[in-house]
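Step one of this worksheet: look at the structure below.
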Amino acid sequence: MNDLYALIRSRHSARVPFDPEAPVSREDLVKILEAASWAPTAHNMQNFEVIVVDDPALLRSLGELKSGLSLDFIRENFQQLSFSEEELKRKKTGILASMFPPSWRDPSLFSKLEEAAFSEGPSFMSQTIRHSPTILVVTYDTRKRAPASEGDILGFISLGCVLQTMWLVSESLGIGFQVMSAFSSPAVEPEVRKILGFPNHEKIAFAVRLGYPLKESRPEIQRYLRVRRDLSEFAHLNRYGEGFPSVSGKS
Ligand SMILES: Cc1cc2nc3c(=O)[nH]c(=O)nc-3n(C[C@H](O)[C@H](O)[C@H](O)COP(=O)(O)O)c2cc1C
């Protein structure tokens, strides 16, 4: 149990460049994929497919896609940002602004940013993919809905279980893991579909870049501040609003 808890605590988003010369071994990929197959899914629908991309030409094509960044995303992202470590420690949710490019932190540049997302020039995707030797694109079958699950909510929860299972196994193997939501945006998904050839009934749930962080970026990962709410801020005992007592008796 202690080992499992330690693994859960050390799992993190590796938003750093990976060693482009060190693809994840097929043996480790099998471990990650087999673990995914044992994730719980609503009604055991197993509503997912995983496309493993390690072909350099395909990775290049994905990296050349325009991100299709929307003004809505940029604005909502801005509202969640903390501009100092103190602010993030106080809020305990959201992300540090320094994780994002400077233009994402300055509202006066937002409209230019959206134009750039669709124009020529260095692609946002290639920045995100940053030398990734292996990418997983996880799709879900829109026809495999759990019975009477409105809006396929149970299917989406199931995909979250698949994601966490793969993430923990990767962490246990020392493999860096970063989710890339941009792949599932309406502007990008059709392009990814063309490159990887998956059928229309499959939609992208999420994509992940996997690899080994370059030696020089490992301290960057250790320095990056990760925050969580205290138990007393989200756990309720019997009735909503009744604080869950901590072990020491404080709520
Ligand atoms: C469904 C989902 C989508 C996410 N999308 C992204 C993403 O597009 N880019 C990214 O860098 N991190 C993404 N993340 C990672 C979260 O931002 C991250 O888990 C959170 O900030 C907590 O940090 P930690 O993973 O280091 O604990 C995503 C996570 C989940 C579960």
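The values are calculated or read from the model by the stated rules, or taken from the named source; none is laboratory data. Bear in mind that the values here come from a model prediction, so they are computed numbers and not experimental data. All Cβ positions, even for glycine, are placed from backbone atoms using ideal geometry, and neighbour counts span all protein chains on display. These area figures cover heavy atoms from the full protein model, side chains too; ligands, DNA and RNA do not enter into them. Shrake-Rupley method; radii C 1.70, N 1.55, O 1.52, S 1.80 Å.
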Per residue, what accessible area does the chain have, given a 1.4 Å probe and all protein chains present, in Å²? 59
Pair V247, L225: separation of 7 Å Cα→Cβ label points (nm): 2.6
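Treating only the Cβ atoms of Lys and Arg (+1) and Asp and Glu (-1) as charged, compute the dipole magnitude of the range 62-215 about its Cα centre; round to the nearest 20 debye.
Values: 17 positive and 17 negative charges, 64 e Å.
It comes to approximately 300 debye.
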HN-Hα couplings for the range 20-37 via Karplus (6.51, -1.76, 1.60; θ = phi - 60°), in whole Hz with x for Gly/Pro, come out as x, 8, 10, x, 5, 5, 4, 4, 5, 4, 4, 4, 5, 6, 5, 4, 4, 5
Using a Förster distance of 41 angstrom, determine the FRET efficiency expected from the C-beta separation of K89 and Q127, and round it to 0.05. 0.90
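Suppose we flag chymotrypsin sites (Phe, Trp or Tyr not before Pro) only when DSSP calls them loop and at most 13 other Cβ atoms lie within 10 Å. Which is the longest uninterrupted stretch of the chain?
Details: sites that count: W38, F83, F234, Y240.
Longest site-free region, per DSSP loop and neighbour criteria: 84-233.
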At a Förster radius of 30 Å, what calculated FRET efficiency corresponds to the Cβ-Cβ distance of H201 and L71, to the nearest 0.05? 0.50
Quick check on the chain: take the gyration tensor over C-alpha atoms, sort the square-rooted eigenvalues as a ≥ b ≥ c, and tell me if it's rounded (a/c under 1.5), prolate or oblate. rounded
For the chain, which whole-number percentage of the solvent-accessible area (1.4 Å probe, protein heavy atoms only) is attributable to carbon and sulfur atoms? 54
Would you mind pulling out the separation of the Cα centroids of the range 54-71 and the range 131-149, in Å? 18
Which whole-Hz couplings ³J(HN,Hα) result when phi for each residue of the range 63-76 is put into the Karplus expression 6.51 cos²θ - 1.76 cosθ + 1.60, θ = phi - 60°, listed in order with x for Gly and Pro? x, 7, 5, 6, 6, x, 4, 9, 4, 4, 4, 4, 5, 5
Taking H placed 1.01 Å from N in the peptide plane, check which residues at least 5 places from M180 or on another chain put their amide H under 5 Å from its amide H. A207, V208, R209
Selected from L136, L231, L173 as most flexible by GNM, with the chain as the system and alpha-carbon contacts under 10 Å: L231
Each residue of the range 40-48 in turn: what ³J(HN,Hα) in whole Hz from Karplus with 6.51, -1.76, 1.60 and θ = phi - 60°, glycine and Pro shown as x? x, 9, 4, 6, 6, 6, 6, 7, 9
